[in-house]
Amino acid sequence: MSGAVLLGHGLLVASALFAIGLVGVLVRRNLLFQLLSIEIMLNAAAMAFVIAGARWGVADGQVMFVFILVMAAAEVAVGLALLLRISRRVPDLDGDAVSGMGG
Amino acid sequence: MTVLFYLAGAVALLAAGLAVSRRNAFHALLYVVVSLLAAAVVFLTLGAPFAAVLEIIVYAGAIIVLFVFVVMMLNLGPEAAPRQHGLLSPATWIGPGVLAAVLLAELVVVITTAGGDAVAGDAVGPREVSHALFGPYVLAVELASFLLLAGLVGAAYLGSGSRTTGGEG
């Protein structure tokens, strides 16, 4: 299956998607955009698992995709709850403004 | 099938790149939705239909809706009305709309050539994935359920109003 799609090309797409998300985390200072970029990076990692699983025709790639999906769901729930808490103190959601811990 | 894969991959990369470079959070969300839909088409062309369906239901359906809720909550204020009006202008949705139309065309090709070679022949379907999930990976499934419970409790605590910390609670 998918013998026409080379494994390297699929992994190239996944790694490029990961790089886009990494650039988003590093460049944007808005916490909402950083969370979105983390979602893009998680999606790229899951895509690499699915592509590798499809290359050898086994179900393990999609199993790891399900686990990454669960992890992303838990991460985004806690992350957005934290974002709402932070938005009361920093209305413009600047990540640099909450770099210190006020004990 | 190969053309479908490369086209969907290009759409995913383009939409992700546009998403992280938008100034408006809602525009970025529209592009992220398109990027996730393109990733689902990539999974479908690779012969992973279960992953494609989960990608749409959980990622584009649940996680992005959470983001939309938060963006809408943060936008509340006197300036919300003109911003809502701006969301209806064609400049907002024409980019994601064109990219989504490309994905729709791919979907039409996949459906109309059903039984053909649009989708890989020996696809790994939900049956194999389920047998693997509840066979050798059953311990990891239990751990994932623990993680979801911890995320639920954490989000519920963090979102439960302004509670004073340090006191007897």
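All of the numbers you see were taken from the coordinates with simple rules; none came from a lab. These numbers were taken from a predicted model, which means no experiment stands behind them. Quick reminder, even Gly has a Cβ in these numbers, built from the backbone with ideal geometry, and neighbours come from all protein chains shown.
For chain A, what does -39500 (n - 2.57) per DSSP helix run (n ≥ 4), summed and divided by total residues, give at 222 nm, in deg cm²/dmol to the nearest 500? After summing the helix terms and dividing by the residues of chain A, the value is -26500 deg cm²/dmol.
Segment B:VAL138..B:VAL108, full-extension length gain: 7.1 nm, with 0.36 nm per residue of separation and the alpha-carbon distance subtracted. Think of the protein assembly as shown as having a plus end and a minus end, set by charges on the Cβ of Lys, Arg, Asp and Glu; of B:LEU37, B:ALA155, A:GLN62, B:ALA155 sits farthest toward the positive end of this dipole.
How much space per residue, in cubic angstrom, does the convex hull of the C-alpha atoms of chain A take up? Could the numbers behind the result be given before it?
Numbers: hull volume 10.0 nm³, N = 103.
It is 97 Å³ per residue.
Basic side chains Lys and Arg get +1 at the Cβ, acidic Asp and Glu get -1 at the Cβ, and with that the dipole of segment A:7-97 about its Cα centre reaches some 120 debye. A simple charge model with +1 on the Cβ of Lys and Arg, -1 on the Cβ of Asp and Glu and nothing else charged puts the dipole of the protein assembly as shown at about 600 debye relative to its Cα centre. Applying 1/(1 + (r/R0)^6) with R0 = 30 Å to the Cβ-Cβ distance of B:VAL98 and A:ASP96 gives a FRET efficiency near 0.30. So, in Å, what gap is there between the alpha-carbon centers of segment B:120-161 and segment A:44-75? That distance is 12 Å. Label-to-label distance for A:VAL23 and A:TRP56 is 3.3 nm, based on points extended 7 Å past Cα in the beta-carbon direction.
Extension gain, A:ALA16-A:ARG88: 0.36 nm per intervening residue step, less the Cα-Cα distance, totals 22.4 nm.
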